[in-house]
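These notes are about the structure you will find just below.
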Amino acid sequence: MLITFEGIDGAGKSTQVSRLQEHLQNQGRVVLTLREPGGTPEAERIRELLLESRHDFTPVGELLLFAASRAELLRKVILPALENGTDVILDRFFDSTTAYQGYGRGLDLDMLTEVNRIATGGLCPDVTFYLDLSPEEALLRKFSEKSLSLDFDAENLDRMESSGLDFYRRVRDGYHALVAASRKRIVQIDARLSPSVIHQIIISCLDSIDPVTGYRP
Ligand code: TYD
């Protein structure tokens, strides 16, 4: 089973990813947790390129780098794991590209669909959990996290995080459009709920999926 997590930076995906991994492992399932971009030595190099703030990319260049990272991770790690019966939890997948590069950067959505199809070879998650949070709240969370660390510096944001509030508003609109278009696959959860409540929602949703047909009532 392929389970993906989506949401703007600061929505709390990593907490939910690790709680779900622990839950599935306690059920005796073999679980592989990954995050995009990255996950292979080559994709990690691409991640550095994409996130280091000293780099500057055109929107199409940025799109193709995310796609290249995905193509590597998918073919070298995700597909072999799924073929072995391993459950894969993925922190971000092609919905991030639609939301960030499509709605955020304003690239043509039909072109994005095609690039996503090439990068993924058509693989689609069984279920996607989208943690919904306003960019304002996400920013507050991010700053309070960073201010706790000794190396806090307001300019210490990565290249994507420096894109501004309007960018993140468009990204969130993009996620809402994706949810509206893929209600069978994407489950929207209010990220302001407590981590334990969000975890319970995720568990009950997964428990309701028919293991044979993948049907979710
Ligand atoms: P990361 O530090 O992993 O952020 P997060 O913890 O929020 O997932 O950085 C990944 C960044 O890359 C994040 O800002 C979202 C962005 N991104 C895209 O713009 N397009 C994509 O296709 C993917 C996978 C990520």
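Structure above, values below:
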{"read-out": "Failed item, numbered, when LEU139 is tested on (1) under 30 Å from PRO195 (Cβ atoms); (2) part of a helix (DSSP H, G or I); (3) under 18 Å from the mean Cα position of the chain (by Cα); (4) at pLDDT 95 or above", "value": "(4)"}
{"read-out": "Number of the exception - GLU83 against (1) more than 9 Å from the ligand (Cβ to nearest atom); (2) open to solvent by 60 Å² or more (accessible area, probe 1.4 Å); (3) within 25 Å of ARG170 (Cβ to Cβ); (4) free of Cβ contacts under 8 Å to residues at least 60 places away in the same chain", "value": "(3)"}
{"read-out": "Looking only at region 167-201, and only at residues there that are among the hydroxyl-bearing types (Ser, Thr, Tyr) and in contact (Cβ under 8 Å) with a residue 12 or more places away in the chain, the one that is nearest to PRO59 (Cα to Cα)", "value": "TYR168"}
{"read-out": "Residues located in region 86-108, provided they are open to solvent by 10 Å² or more (accessible area, probe 1.4 Å) and more than 14 Å from the ligand (Cβ to nearest atom)", "value": "THR86, ASP87, ASP108"}
{"read-out": "Pairs with Cβ under 6 Å, 6+ apart, first in region 100-111 and in a helix (DSSP H, G or I), second open to solvent by 60 Å² or more (accessible area, probe 1.4 Å) and at pLDDT 95 or above", "value": "GLY102/LEU109; TYR103/ARG170; TYR103/ASP173; GLY104/ARG170"}
{"read-out": "Members of region 17-48 found to be touching a helix residue (DSSP H, G or I) at 6+ places or on another chain (Cβ under 6 Å), part of a helix (DSSP H, G or I) and within 12 Å of the ligand (Cβ to nearest atom), listed by number", "value": "ALA43, ILE46"}
{"read-out": "Failed item in (1) of a type in the set (D, E, K, R); (2) near the ligand (Cβ under 8 Å from one of its atoms); (3) open to solvent by 50 Å² or more (accessible area, probe 1.4 Å), with GLU62 passing the rest", "value": "(3)"}
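The values are calculated or read from the model by the stated rules, or taken from the named source; none is laboratory data. This one's a predicted model, so the numbers in the text were calculated from it and none came from an experiment. As a convention, Cβ positions derive from the backbone with ideal geometry for all residues, glycine included, and neighbour counts pool all protein chains shown. Heavy atoms of the whole protein, side chains included, go into the accessibility calculation; ligands, DNA and RNA do not. Shrake-Rupley method; radii C 1.70, N 1.55, O 1.52, S 1.80 Å.
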